[in-house]
Amino acid sequence: GQQVMQIPQYQHVQEGEDFTTYCNSSTTLSNIQWYKQRPGGHPVFLIQLVKSGEVKKQKRLTFQFGEAKKNSSLHITATQTTDVGTYFCAGRAGGTSYGKLTFGQGTILTVHP
Amino acid sequence: EPEVTQTPSHQVTQMGQEVILRCVPISNHLYFYWYRQILGQKVEFLVSFYNNEISEKSEIFDDQFSVERPDGSNFTLKIRSTKLEDSAMYFCASSEARGLSSRRTGELFFGEGSRLTVL
């Protein structure tokens, strides 16, 4: 079945440093979403990427979708303590916007002040 | 802002007992999901539900699991005979589900989760 791998599993940074998490799918995706889960919380949607090579920015966050639509990345510039949490990518293989989302293992980000 | 609500927030049960987890999805949403997350691990898909029937399920969702939407608002997950390994956080999620060409993303709105502890 479809697998979504995410690295690294953990990342510790000093406040102000950059952070990147990478996501790879075993199959071509129709779209990929990113979620953030604060400690003790539930996943909260950040963004969706649909097009090959797509790049989207949200303030200090930059999201990329690979040309082959099998990988993606999230980059945070100048991390802040509010960025702490687990970042998950989640991919859909089917061509709909309602099919199963397969989550990666997540990257746990710790930001030291 | 509309939100998905789940009850109970925490349930402790004995192995072999039946458990029902309840969810109230966002009212105009069409697709409903159950996911689970074992402590510190990935969010795992269990089942999706549309138009009063299961649209997709994972291999985790075996015969001990069932879902239903009994009254048009609640969406329940039943675990018939709980096992120790069923201990996890169970998340309900809902989605509006529009076509890819629309501005809707098919994003999932998650509830706060129900923590199930099987002893």
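Do we find that B:SER55 is out of contact with any Lys or Arg (no Cβ under 8 Å at 6 or more places or on another chain) and away from chain A (no Cβ under 14 Å) in this structure? No. With B:ASP63, B:ASP71 as the choices, which residue is surrounded by fewer than 15 Cβ atoms within 10 Å (Cβ to Cβ), over 21 Å from B:THR105 (Cβ atoms) and modelled with pLDDT of 90 or more? Criteria check complete, one pass: B:ASP63. Please determine whether any residue of segment A:10-32 is part of a loop (DSSP other than H, G, I, E, B), facing chain B (nearest Cβ under 9 Å) and surrounded by 13 or more Cβ atoms within 10 Å (Cβ to Cβ). Yes. Only a single item in (1) open to solvent by 20 Å² or more (accessible area, probe 1.4 Å); (2) charged (D, E, K, R); (3) within 14 Å of the chain's Cα centre (by Cα); (4) more than 14 Å from chain B (Cβ to nearest Cβ) is not met by A:LYS56, and it is number (4). Scoring B:GLU112 on the criteria (1) open to solvent by 50 Å² or more (accessible area, probe 1.4 Å); (2) assigned to a strand (DSSP E or B); (3) at pLDDT 95 or above leaves a single failure, condition (2). Using the structure shown, decide if A:GLY41 is within 11 Å of chain B (Cβ to nearest Cβ), over 14 Å from the mean Cα position of the chain (by Cα) and open to solvent by less than 60 Å² (accessible area, probe 1.4 Å). Judged against the criteria, A:GLY41 is a match.
Residues in segment A:65-101 that are more than 10 Å from the chain's Cα centre (by Cα), open to solvent by 20 Å² or more (accessible area, probe 1.4 Å) and within 14 Å of chain B (Cβ to nearest Cβ): A:LYS69, A:ALA93, A:GLY94, A:GLY95, A:THR96, A:TYR98, A:LYS100. When B:SER48 is tested against (1) within 9 Å of chain A (Cβ to nearest Cβ); (2) out of contact with any Asp or Glu (no Cβ under 6 Å at 6 or more places or on another chain), just one condition goes unmet, and that condition is (2).
The values are calculated or read from the model by the stated rules, or taken from the named source; none is laboratory data. As the structure is a computational prediction, the values presented were derived from the model and not from experiment. Glycine gets a Cβ as well: all are built from the backbone with ideal geometry, and neighbour counts include every protein chain shown. Accessible surface areas use protein heavy atoms only, side chains included; no ligands, DNA or RNA. Shrake-Rupley method; radii C 1.70, N 1.55, O 1.52, S 1.80 Å.
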